[in-house]
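A quick write-up on the structure given underneath.
The values are calculated or read from the model by the stated rules, or taken from the named source; none is laboratory data. In this text the structure is predicted, and so the values were computed from the model without any measurement. Neighbour counts are summed over all protein chains in view; Cβ atoms, including those assigned to glycine, are modelled from backbone coordinates with ideal geometry. The accessibility values were calculated without ligands, DNA or RNA, using every heavy atom of the protein model including side chains. Shrake-Rupley method; radii C 1.70, N 1.55, O 1.52, S 1.80 Å.
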Amino acid sequence: MQMKKTGKDVIVIGGGHNGLVCAFYLARAGYKVRVLERRGVVGGAAVTEEFHPGFRNSTAAYTVSLLSPKVIADMNLARHGLAIIERPISNFLPLDDRRFLKVGGGLARTQAEVARFSERDAQRLPEYYRMLDAIGDVLRDLALETPPDFGNLVGSLPRLLRQGLRVRGLDLPQRAELLDLFTESGRTFLDPWFESDPIKAAFGFDAVVGNFASPDTPGSAYVLLHHTFGGVNGKKGIWGHARGGMGAITQAMARACRLQGVEIETDAPVAQVLVVEKRARGVALADGRELHADRVVSNLNPRLTYGKLVPADALPATFKAQLERYRCESGTLRMNVALSELPQFSCLPATTAGEHHASGIIMAPSLDYMDRAYVDARKDGWSKEPIVEMLIPSVVDDSLAPRGAHVASLFCQQFAYALPDARSWHDEKERAADLVIETVSRFAPNFKRSVLARTVLSPLDLEEKFGLIGGDIMHGQMSLDQLWAARPVLGFGDYRSPIKGLYLCGAGTHPGGGVTGMPGHNAAREVQRDDSLLTRVALAARGH
């Protein structure tokens, strides 16, 4: 069945969170919108699924902070059932059998924790947080703006100047720090600030989240920054759990979309974008149907959109050459486990749930540990001692597991997408998962025996199940040459494409990865801007 043509028809490919956000804003503006999702459930990588009888958890995306407050308010997600529970503390780092570090719960508490390792570092914390907050405010604003089009510098000059002026609110030292954050490694950035390994590990972990890199890799400092400018329930810089798992976010978004008249169709994989006379005119589905529309918006990875769905002869050779250099790999392996009991950490034994169980539990006690994990993965395919972040959302959300039992999310780095010696992830992933279980058990000795069931998503599984090319949870590496106006490629960083009527709205566009909703928000605005411009041109041609 074709869409009834209204002159403002839009097809959104992919029902992940950014696709739903884009669909919502377009429908609210009067467009007739249909979302086509390949899987049987909307949400993309932000879904909640049962993985063992009675045990449910977020399947891929696993924690919330970066979701735009504007998107939350505009879509009225609270009305549609979304509730976000704040972590009592941000992170817990078990360091060995005796020592640990807690971060969060207020500045004074964190300072007291850090002072056990370095009084100097504790005194530096307020200034460090002020610096990150000031820079984060600038980047939060820029994240909701469309980057300039460097293929049309004259036309983009006002936008470029306006965005450049946002930096004016930073003082000179803060501007220097901003430059450092974009170009330096996580370690190089943190070393002048702090001297103790535990606090550098706590902050440096963010430099390698979803980043197949070492904390010594230039540019990894920006990834650190990217993970700090979110917030929960109006409180900046903190993280939380969506009650019901990450699927609660996308289910609330789907309800908001349907209220605006959006049609959402699942089990509807798109085979091709229909291009007629250099313009997108709809899509062909895998089942043979053709749906026509005036605009097509893809929420997929740029390499998937342009490499699989767009006819090869519809793209300029120069654009295809640029896209071939777009790097996708995040070094991520994702696990969910059903647990008969809570992990008991040697450094902080507790028979009942403590605040550390409700935090992000980081098992990576130093930057050197993180560096070795990356070096191992480059050489052997995965880390001998992987970086593991564990969340136990059932501590604060008893809807996810039977009484007395728990579910845990394990987010693991570094695991290469391409294994050496032609090894396949389909053959190797259980062995890698065993290593992850052993790693956690070194810090919590009861962990291995408490595992009732587990699911494992290797980098290849992430690609095959969710369309995350290269297993990249960010839809493309977050390096300086793949950010802002160069995301995904320079000249097409404004959500448009070389094909008229085809737009991108996923995390492979500005401002990048994470469950933010910002690419979807921004792409919807650009579709409307183009239509507004076309309307003005048409009226002028008629003499109005």
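Among the residues of the range 465-483, is there at least one that is of a type in the set (D, E, K, R), more than 28 Å from GLY54 (Cα to Cα) and open to solvent by 10 Å² or more (accessible area, probe 1.4 Å)? Even if it seems obvious, please write down each step before you answer.
From the range 465-483, those of a type in the set (D, E, K, R) are 465, 472, 481; that's our starting set.
Imposing the further condition that a residue be more than 28 Å from GLY54 (Cα to Cα) reduces the set to 472, 481.
Keeping just the survivors that are open to solvent by 10 Å² or more (accessible area, probe 1.4 Å) gives 481.
The answer is yes, given that some residue of the range 465-483 is of a type in the set (D, E, K, R), more than 28 Å from GLY54 (Cα to Cα) and open to solvent by 10 Å² or more (accessible area, probe 1.4 Å).
Given the conditions (1) farther than 23 Å from LEU410 by Cα; (2) open to solvent by 10 Å² or more (accessible area, probe 1.4 Å); (3) not β-branched (Val, Ile, Thr), and given that LEU190 satisfies all but one, which numbered condition is not satisfied?
Among (1) farther than 23 Å from LEU410 by Cα; (2) open to solvent by 10 Å² or more (accessible area, probe 1.4 Å); (3) not β-branched (Val, Ile, Thr), LEU190 violates only (2).
Specify which of the listed residues (VAL167, VAL138) is at pLDDT 85 or above and within 21 Å of LEU483 (Cβ to Cβ).
Selected residue: VAL138, the only one of VAL167, VAL138 that is at pLDDT 85 or above and within 21 Å of LEU483 (Cβ to Cβ).
Take the residues in the range 350-384 that are out of contact with any strand residue (DSSP E or B) (no Cβ under 9 Å at 6 or more places or on another chain) and open to solvent by less than 60 Å² (accessible area, probe 1.4 Å); name whichever of them is nearest to ALA433 (Cα to Cα).
Initially, the range 350-384 is screened for residues out of contact with any strand residue (DSSP E or B) (no Cβ under 9 Å at 6 or more places or on another chain), giving 350-352, 366-368, 371, 379-380, 384.
Checking which are open to solvent by less than 60 Å² (accessible area, probe 1.4 Å) leaves us with 350, 366-367, 371, 380.
On the way: ALA350: 26, SER366: 22, LEU367: 23, ASP371: 20, ASP380: 15 Å.
Here the residue is ASP380.
Given the structure, is ILE264 more than 20 Å from VAL138 (Cα to Cα) and open to solvent by less than 20 Å² (accessible area, probe 1.4 Å)? Working first, answer last.
On the way: more than 20 Å from VAL138 (Cα to Cα): yes; open to solvent by less than 20 Å² (accessible area, probe 1.4 Å): no.
The answer is no for ILE264.
Give the residues of the range 419-436 that are within 15 Å of ARG454 (Cβ to Cβ) and open to solvent by 100 Å² or more (accessible area, probe 1.4 Å), sorted by residue number. If you could, list the steps in order and put the result at the bottom.
First pass over the range 419-436, keeping only residues within 15 Å of ARG454 (Cβ to Cβ): 429-436.
Once the filter is applied, which keeps residues that are within 15 Å of ARG454 (Cβ to Cβ) and open to solvent by 100 Å² or more (accessible area, probe 1.4 Å), the range 419-436 yields only ARG431.
Within the range 486-528, work out how many residues are open to solvent by less than 10 Å² (accessible area, probe 1.4 Å), in contact with a helix residue (DSSP H, G or I) (Cβ under 7 Å, 6 or more places away or on another chain) and assigned to a helix (DSSP H, G or I).
Residues that pass the stated criteria total 5.
State all residues of the range 208-260 that are of a type in the set (S, T, N, Q), farther than 30 Å from TYR374 by Cβ and assigned to a loop (DSSP other than H, G, I, E, B); if no residue qualifies, say none. Outline the logic, then answer.
Step one: list which residues in the range 208-260 are of a type in the set (S, T, N, Q), which gives 211, 214, 217, 220, 228, 233, 250-251, 260.
Filter once more, keeping what is farther than 30 Å from TYR374 by Cβ: 233, 250-251, 260.
Hits for the range 208-260 are ASN233, GLN260.
Restricting to the range 74-107, what's the tally of residues that are outside any loop (DSSP other than H, G, I, E, B) and either surrounded by 15 or more Cβ atoms within 10 Å (Cβ to Cβ) or in contact with a strand residue (DSSP E or B) (Cβ under 9 Å, 6 or more places away or on another chain) (or both)? It would help to see each step written out before you state the result.
Taking the range 74-107 and keeping what is outside any loop (DSSP other than H, G, I, E, B), we get 74, 84-86, 91-94, 100-103, 107.
Subset that is either surrounded by 15 or more Cβ atoms within 10 Å (Cβ to Cβ) or in contact with a strand residue (DSSP E or B) (Cβ under 9 Å, 6 or more places away or on another chain) (or both): 74, 84-86, 91-94, 100-103.
The total comes to 12.
Within the range 196-229, can you find the residues that are closer than 22 Å to GLN174 by Cβ and open to solvent by 20 Å² or more (accessible area, probe 1.4 Å)?
Those that are closer than 22 Å to GLN174 by Cβ and open to solvent by 20 Å² or more (accessible area, probe 1.4 Å): LYS200, PHE203, ASP206, PRO218, THR228.
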